[in-house]
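Report on the structure given below.
The values are calculated or read from the model by the stated rules, or taken from the named source; none is laboratory data. Given the structure is predicted, the values throughout are model-derived calculations rather than measurements. In this analysis, Cβ positions are derived from the backbone assuming ideal geometry, glycine residues included, and neighbour counts consider all displayed protein chains.
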Amino acid sequence: MNQRRNRSQTASLAVKRTLDIIFALAAIIIFSGPCIIIAFLIWAEDKQTPIFSQERIGKGGIPFILYKFRSMRVDAEKEEGPTLCSDDDNRQTNIGRFIRGHHLDEFPQLWNVLKSDMSFVGYRPERRYFIDKIIAVNADYNRLFSTRPGLFSNATLYNGYTDTMEKMLIRLEMDLDYLENRTLWLDVKIIAKTAIFIISGKIF
């Protein structure tokens, strides 16, 4: 019975990875135009690089470099160090506030999906600094490292950006629930809902 379950899980993961590659390639092609426009608008506002890169922790607790469109000033954490971003954060640029509110800043993570750093659906990858703070309250965070982090998640849909420790702990509970109940069909529903939210202009 255990061997059958393991084979089923292995097959499911292989299908999930194949779909990640297909969806990521398709999305890069379809949204290449909007991405070029976003990159230009970010650069035009302050003449700084439109791409933001940052170390995050992924599967197996291994660090990787995550890419986003930059939504803050380039020196946003120069003085205070790692700091969560809030809705009214004055470190955000004008275009950055808009793209972050609509999750358009996440487009460059399609490259992370292609590289296998991430999956389309999974827990949102976090920085070690904040992971240590979360684990100090709930060590179950370590269970998330058994899978790849994701571009989309139920936690992002219904808990939004995590700008407080309370929201981080709520996100963890939602991510653990996904870990226990994940299926390819659930992944498809999360991707579809996220796409609908983004296309409709919903802030979440």
- [ ] Might you let me know whether region 154-174 holds any residue that is closer than 18 Å to LYS16 by Cβ, modelled with pLDDT of 95 or more and either in contact with a strand residue (DSSP E or B) (Cβ under 6 Å, 6 or more places away or on another chain) or not β-branched (Val, Ile, Thr) (or both)?
- [x] no
TODO: Hey, can you tell me all the residues within region 138-158 that are touching a residue at least 60 places away in the same chain (Cβ under 8 Å) and touching an Asp or Glu at 6+ places or on another chain (Cβ under 6 Å)?
DONE: none
- [ ] Report the residue count in region 42-65 for those that are touching a Phe, Trp or Tyr at 6+ places or on another chain (Cβ under 9 Å) and either in a helix (DSSP H, G or I) or surrounded by 17 or more Cβ atoms within 10 Å (Cβ to Cβ) (or both).
- [x] 9
Task: Counted residues, region 93-129 - those being aliphatic (A, V, I, L, M) and more than 23 Å from LEU176 (Cβ to Cβ) - done: 5
TODO: Identify all residues within region 132-170 that are assigned to a helix (DSSP H, G or I), in contact with a Gly (Cβ under 9 Å, 6 or more places away or on another chain) and buried (at least 16 other Cβ atoms within 10 Å of the Cβ); write none if there are none.
DONE: LEU144, PHE145, THR156
Open item on the list: Considering only region 90-101, I want to know if a residue exists there that is in contact (Cβ under 8 Å) with a residue 60 or more places away in the chain and either touching a Ser or Thr at 6+ places or on another chain (Cβ under 8 Å) or within 19 Å of ILE65 (Cα to Cα) (or both).
Closed with: yes
- [ ] Six or more apart or on different chains, Cβ under 7 Å: which pairs go from a residue in region 53-64 that's under 15 Å from LYS115 (Cα atoms) and in contact (Cβ under 8 Å) with a residue 60 or more places away in the chain to one that's assigned to a strand (DSSP E or B) and among the aromatic types (Phe, Trp, Tyr)? Could you list them?
- [x] ARG56/PHE64; GLY58/PHE64
Open item on the list: When you scan region 26-33, do you find a residue that is free of Cβ contacts under 8 Å to residues at least 60 places away in the same chain, outside any strand (DSSP E or B) and surrounded by 13 or more Cβ atoms within 10 Å (Cβ to Cβ), even just one?
Closed with: no
